[in-house]
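FYI, it's all coordinate maths here, none of it is from the lab. Keep in mind the model is a prediction, meaning the values are calculated, not measured. Glycine also receives a Cβ, built like all others from the backbone with ideal geometry; neighbour counts cover every protein chain displayed.
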């Protein structure tokens, strides 16, 4: 019987090319359909997220579950801009802010993510407002954590669910603040 000789250099190069192409394809698919990274621009989410911080958004999070109150989300605000905000109101909810207390369906809600900024500030942190109609089906009401400096549902109304890119997951930049955002 004859022995078959194979050029291992050529075979190794072909295997490397296949592995690199598969890795690139997987990266494109994951980036397109599962996760995407965003960089914060502006101050509307301080103290939760600051200018220049970067985080990962799970694009599939609401394919399998409904948005929840106080989730941090990214949504298409305009044709060119995406915003990060916090869900405050869900479909059917009534929302009002009175004397710096958030009322949802006439029940007061704590907002511990604002405690750091409310401390030591004179006056109201969030100006009083009332959403006249319940949040419609298929929409959520969002607010920025930096209430005095946020353009949010108080200005542009409820956000359609189909405009939500996904739920904010992990902050990965700066390295000193890596972790899950709440």
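The table that follows gives values for the structure above.
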quantity	calculated
Likely footprinting exposure, 45, 97, 54, fewest C-beta neighbours within 10 Å first	54, 97, 45
36, 168, 130 arranged by Cβ crowding within 10 Å, fewest neighbours leading	130, 36, 168
Highest average packing first - 59-66, 174-181, Cβ atoms within 10 Å	59-66, 174-181
